[in-house]
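The values are calculated or read from the model by the stated rules, or taken from the named source; none is laboratory data. None of the values given here were measured: they were computed from a predicted structure. So basically every Cβ, Gly included, is an ideal-geometry build from the backbone, and we count neighbours across all protein chains shown.
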Amino acid sequence: MIDFILLFFLVICAIAAIRMKDLLSTVIILGAYSLIMAVVWTRMNAVDVAFTEASVGAGITTVLLIAALSRTQRGEENGQRSQVRVQGSLNAHSIISLIVVFVTGAVLVYGTLDMPDYGDPNAPSHHHVAPRYIKEPLEESGVINMVTALLANYRGYDTLGETTVIFTSGISVILLLRRKIQQ
Amino acid sequence: MFNIAATVIVLAAALVIYRAIKGPRIYDRVLAVNVIGTKTVVLLALIGYIYERPHFLDIALVYAIINFIATIAFLKYRQTGGLD
């Protein structure tokens with residue numbers, strides 16, 4: 001029940017963040033989105049992910065987006081373009097697009113029918129390679145901590161790639177948001 | 001018992017989300033998101049007791065600590081027009 005309401009809140013927040021004309025409001029709504037998402041992660045018993053979501057999603061991302069906002073403009077140029085789009089909204093193109101979206105959504109919903117239940121411990125993903133990773137990391141890698149063995153030994157190249165991506169994006173953010181040197 | 005309390009807190013969060021989306025002024029939205037953060041802290045503590053893992057309480061406390069970062073950034077942006 002609570003899960004359902006929380007996921008419903010997420011959808012509402014996402015739609016509101018898209019529809020909002022004021023970018024600062026959008027940033028704030030996204031902060032609310034991250035907080036609700038953190039509760040959903042906690043309901044799934046993934047406390048560390050929830051904590052990352054709350055600190056990065058609601059904290060640092062909001063600060064970075066506001067910093068980016070202070071370098072650009074806050075609202076749309078003027079309301080003209082969106083007005084024109086609303087007037088010409090019911091032509092053939094948009095009806096075809098609507099049908100395509102509905103058919104795709106129906107196919108996706110049909111695809112989820114065979115999936116295991118939410119949080120099912122008997123799901124196939126928990127019985128494929130997970131038992132081996134839980135039983136044998138100490139003998140195979142000599143690392144005591146299971147999570148560390150997975151991250152640094154079994155999928156070391158994956159972690160290296162992730163670290164490279166985060167490092168690159170961090171440098172990009174520093175370059176974009178650095179202070180101008182006072183002449 | 002804890003489930004009922006959690007449901008009530010979530011329903012109360014619905015009212016605040018309404019204010020966050022509708023809110024005519026930007027300050028209404030900031031205040032609403034702040035309240036959502038507070039409700040998240042309470043909800044985390046409750047979920048910890050529902051799952052019988054009371055050490056979630058520590059995480060809820062850390063949430064309460066990092067809750068105001070976005071608000072400070074927003075206020076500084078409103079006051080000076082930038083974060084420098």
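Of note:
- Residues satisfying the stated conditions in segment A:20-35, i.e. assigned to a helix (DSSP H, G or I) and more than 7 Å from chain B (Cβ to nearest Cβ): A:Leu23, A:Thr26, A:Val27, A:Leu30, A:Tyr33, A:Ser34
Results for (1) within 8 Å of another protein chain (Cβ to nearest Cβ); (2) crowded, with 19+ Cβ neighbours inside 10 Å; (3) over 21 Å from A:Glu53 (Cα atoms); (4) modelled with pLDDT under 85, shown as yes or no for each residue.
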position	(1), (2), (3), (4)
B:Met1	no, no, yes, yes
B:Val8	no, no, yes, no
B:Leu11	yes, no, yes, no
B:Tyr27	no, no, yes, no
B:Ala32	yes, yes, no, no
B:Gly37	yes, yes, no, no
B:Val41	no, yes, no, no
B:His55	no, no, no, yes
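- When restricted to residues that are closer than 22 Å to A:Ala46 by Cβ and aromatic (Phe, Trp, Tyr), segment B:22-70 contains 4.
- Test: residue in segment B:63-78 that is at the interface with chain A (Cβ under 10 Å from one of its Cβ atoms), more than 26 Å from A:Ile15 (Cα to Cα), among the aromatic types (Phe, Trp, Tyr) and outside any helix (DSSP H, G or I): no
- B:Leu83 falls short on exactly one of the conditions (1) without any contact (Cβ under 8 Å) to a residue 12 or more places away in the chain; (2) in a helix (DSSP H, G or I); (3) within 8 Å of chain A (Cβ to nearest Cβ); (4) not polar (S, T, N, Q), and that condition is (2).
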